[in-house]
Ligand SMILES: *Cc1c(COP(=O)(O)O)cnc(C)c1O
């Protein structure tokens with residue numbers, strides 16, 4: 001069964017046409033989108049689709065209030081502004097996440113502080129959280145990474161002890177649960193993204209969720225320029241009482257998200273079924289580490305993350321080089337694989353240079369001028385660094401893809417891992433063009 005690897009001139013196991021597209025558009029989407037077109041109402045803070053989505057999402061996750069926003073990043077920034085974060089305050093988040101979990105703090109003139117990840121779950125390592133708390137800390141932003149809930153109980157406990165706000169970054173985890181509770185309803189504010197690739201898609205957009213009426217009211221103000229609304233006429237007064245932004249969403253994305261929401265559970269269940277199948281099969285291949293899900297959590301697999309361990313595979317090779325060799329060989333077999341984050345967030349140039357606004361070093365300078373130093377040396381985040389060296393994302397685990405594609409993905413893995421010496425010999429080959437001559441695209 002010495003099948004020739006595609007990277008060595010053999011026939012690829014898969015082609016791009018084996019992959020179904022995300023999102024899946026149904027008549028539910030068409031119905032709501034057509035309602036918008038027929039109504040002629042395209043936008044407005046309390047327009048029909050936006051209001052309906054807010055009601056339906058709050059109901060779905062069991063929260064009292066929801067506001068739609070133009071992005072997940074806007075929802076995060078709005079949450080920080082609503083809880084009263086200001087210049088020089090510190091905001092703690094995870095070292096392995098999307099930039100927005102940290103840049104939302106910079107947008108509020110606050111300073112991101114990072115905590116390394118748990119090497120098993122890839123979420124914030126709660127055993128390292130308390131050491132990151134200072135007298136300046138105001139907020140913890142746990143990230144439910146790739147669809148897996150962060151370990152919220154200890155996070156809420158530490159937050160309570162130090163009187164900190166908790167804002168959940170649930171942008172990758174619509175419908176995930178922690179000990180039976182929907183993520184986004186455990187902290188004071190939950191934030192979600194509706195971007196094209198997320199489990200709940202509106203094209204673009206975001207959701208801000210809270211049980212706290214004060215935070216809701218602040219959110220309404222911040223979302224729309226800080227403009228006060230007249231209590232009687234419900235009209236805008238054009239008198240800003242606080243600093244706000246233009247973070248409203250529109251009717252078309254809200255309508256699409258409503259149509260998608262009708263299928264969220266069903267689609268998440270397919271992601272879980274595909275992930276369970278891959279876990280079962282891939283864990284039989286020495287050196288392949290499928291994602292872990294603690295028993296108290298429901299993982300919704302926004303991304304299906306696989307790690308590689310050369311030692312377990314019986315190969316004497318530097319781990320990062322091994323990952324690159326395997327990733328290339330899998331890609332040449334026609335599989336959509338590739339990295340998402342390539343480094344811990346604090347390793348990015350923005351944090352290394354600390355150039356925030358223009359050529360100034362604000363907001364860091366707010367505290368650095370007082371002698372407090374911020375050190376973003378990536379060596380402080382060894383678990384995040386090791387993950388970045390050794391993981392790849394196996395794309396296509398979302399519906400409409402099912403067992404047929406998962407079987408082919410497993411075959412591709414088996415083929416490459418049966419020929420590791422050949423894969424390693426081609427570690428420096430060019431990646432592009434891919435098997436179809438088409439460029440790699442996420443999702
Ligand atoms: C997508 C994402 C965001 C930001 O969402 P946008 O809608 O793209 O602004 C924030 N945090 C995480 C973890 C994300 O994956």
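The values are calculated or read from the model by the stated rules, or taken from the named source; none is laboratory data. Owing to the predicted nature of the structure, the values given are computational and were not obtained by experimental measurement. Cβ coordinates were reconstructed from backbone atoms using ideal geometry, including for glycine residues, and neighbour counts include every protein chain displayed.
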Please go through region 87-99 and pick out each residue that is near the ligand (Cβ under 8 Å from one of its atoms) and crowded, with 24+ Cβ neighbours inside 10 Å.
97
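For (1) in contact with a helix residue (DSSP H, G or I) (Cβ under 7 Å, 6 or more places away or on another chain); (2) surrounded by 15 or more Cβ atoms within 10 Å (Cβ to Cβ); (3) outside any helix (DSSP H, G or I), each residue gets a yes or a no:
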{"site": "359", "(1), (2), (3)": "no, no, yes"}
{"site": "370", "(1), (2), (3)": "no, no, yes"}
{"site": "383", "(1), (2), (3)": "no, yes, no"}
{"site": "414", "(1), (2), (3)": "no, yes, no"}
{"site": "431", "(1), (2), (3)": "yes, no, yes"}
{"site": "435", "(1), (2), (3)": "yes, yes, yes"}
Every pair of residues 6+ apart whose Cβ atoms lie under 8 Å, when the first sits in region 101-115 and is within 17 Å of residue 347 (Cβ to Cβ) and assigned by TED's automatic domain parsing to the domain that holds residue 132 while the second is outside any helix (DSSP H, G or I) and at pLDDT below 95:
106/356
Candidate set: region 215-240, residues that are in a loop (DSSP other than H, G, I, E, B) and over 31 Å from the mean Cα position of the chain (by Cα); chosen: the one farthest from the ligand (Cβ to nearest atom):
232
Looking across region 67-79 at residues that are closer than 15 Å to residue 200 by Cα and outside any helix (DSSP H, G or I), the single one that is nearest to the ligand (Cβ to nearest atom) is 71
When residues of region 39-89 are filtered for being more than 19 Å from the chain's Cα centre (by Cα) and more than 18 Å from residue 225 (Cβ to Cβ), how many remain?
27
Among the residues that make up region 287-303, is at least one of them in a helix (DSSP H, G or I), in the same structural domain as residue 393 (by TED's automatic domain parsing) and in contact with a strand residue (DSSP E or B) (Cβ under 7 Å, 6 or more places away or on another chain)?
no
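Would you check if residue 53 is buried (at least 23 other Cβ atoms within 10 Å of the Cβ), in contact (Cβ under 8 Å) with a residue 60 or more places away in the chain and under 18 Å from residue 215 (Cα atoms)? Let's see the steps before the verdict.
Numbers: buried (at least 23 other Cβ atoms within 10 Å of the Cβ): yes; in contact (Cβ under 8 Å) with a residue 60 or more places away in the chain: yes; under 18 Å from residue 215 (Cα atoms): no.
So residue 53 does not fit the description; no.
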Test: residue 229 is farther than 20 Å from residue 84 by Cα, without any contact (Cβ under 8 Å) to a residue 24 or more places away in the chain and in contact with a strand residue (DSSP E or B) (Cβ under 9 Å, 6 or more places away or on another chain):
yes
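From 111, 145, 158, which residue is touching a helix residue (DSSP H, G or I) at 6+ places or on another chain (Cβ under 7 Å) and crowded, with 24+ Cβ neighbours inside 10 Å?
On the way: 145 fails: touching a helix residue (DSSP H, G or I) at 6+ places or on another chain (Cβ under 7 Å); 158 fails: crowded, with 24+ Cβ neighbours inside 10 Å.
Only one candidate passes the filter, namely 111.
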Taking region 372-381 and the residues there that are touching a helix residue (DSSP H, G or I) at 6+ places or on another chain (Cβ under 6 Å) and either in the same structural domain as residue 287 (by TED's automatic domain parsing) or assigned to a loop (DSSP other than H, G, I, E, B) (or both), the one that is surrounded by the most Cβ atoms within 10 Å (Cβ to Cβ) would be 376
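Does residue 119 satisfy the condition of being assigned to a helix (DSSP H, G or I) and more than 15 Å from the ligand (Cβ to nearest atom)? Show your work before the answer.
Numbers: assigned to a helix (DSSP H, G or I): no; more than 15 Å from the ligand (Cβ to nearest atom): yes.
It is false that residue 119 is assigned to a helix (DSSP H, G or I) and more than 15 Å from the ligand (Cβ to nearest atom).
Only one of these is modelled with pLDDT under 95, surrounded by fewer than 18 Cβ atoms within 10 Å (Cβ to Cβ) and farther than 27 Å from residue 384 by Cβ: 62, 84, 45. Name it. Write out each step before concluding.
Numbers: 62 fails: modelled with pLDDT under 95; 84 fails: modelled with pLDDT under 95.
Sole residue among the options that is modelled with pLDDT under 95, surrounded by fewer than 18 Cβ atoms within 10 Å (Cβ to Cβ) and farther than 27 Å from residue 384 by Cβ: 45.
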Would you mind finding the one in 70, 104 that is farther than 23 Å from residue 163 by Cα and either at pLDDT below 95 or surrounded by 15 or more Cβ atoms within 10 Å (Cβ to Cβ) (or both)?
70
Pick from region 162-181, criterion within 16 Å of residue 98 (Cβ to Cβ) and assigned to a strand (DSSP E or B), ranking: nearest to the ligand (Cβ to nearest atom)
169
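Can residue 172 be described as under 25 Å from residue 249 (Cα atoms), more than 17 Å from the chain's Cα centre (by Cα), surrounded by 23 or more Cβ atoms within 10 Å (Cβ to Cβ) and at pLDDT 95 or above?
Details: under 25 Å from residue 249 (Cα atoms): yes; more than 17 Å from the chain's Cα centre (by Cα): no; surrounded by 23 or more Cβ atoms within 10 Å (Cβ to Cβ): yes; at pLDDT 95 or above: yes.
In short, no.
With respect to residue 394, is the statement that it is in contact with a strand residue (DSSP E or B) (Cβ under 7 Å, 6 or more places away or on another chain), assigned by TED's automatic domain parsing to the domain that holds residue 279 and buried (at least 18 other Cβ atoms within 10 Å of the Cβ) true? Don't jump to the end; show me each part of the working.
Details: in contact with a strand residue (DSSP E or B) (Cβ under 7 Å, 6 or more places away or on another chain): yes; assigned by TED's automatic domain parsing to the domain that holds residue 279: yes; buried (at least 18 other Cβ atoms within 10 Å of the Cβ): yes.
It is true that residue 394 is in contact with a strand residue (DSSP E or B) (Cβ under 7 Å, 6 or more places away or on another chain), assigned by TED's automatic domain parsing to the domain that holds residue 279 and buried (at least 18 other Cβ atoms within 10 Å of the Cβ).
Among the residues in region 191-214, are any assigned to a helix (DSSP H, G or I), in contact with a strand residue (DSSP E or B) (Cβ under 9 Å, 6 or more places away or on another chain), surrounded by fewer than 24 Cβ atoms within 10 Å (Cβ to Cβ) and assigned by TED's automatic domain parsing to the domain that holds residue 44?
Yes, region 191-214 has at least one match.
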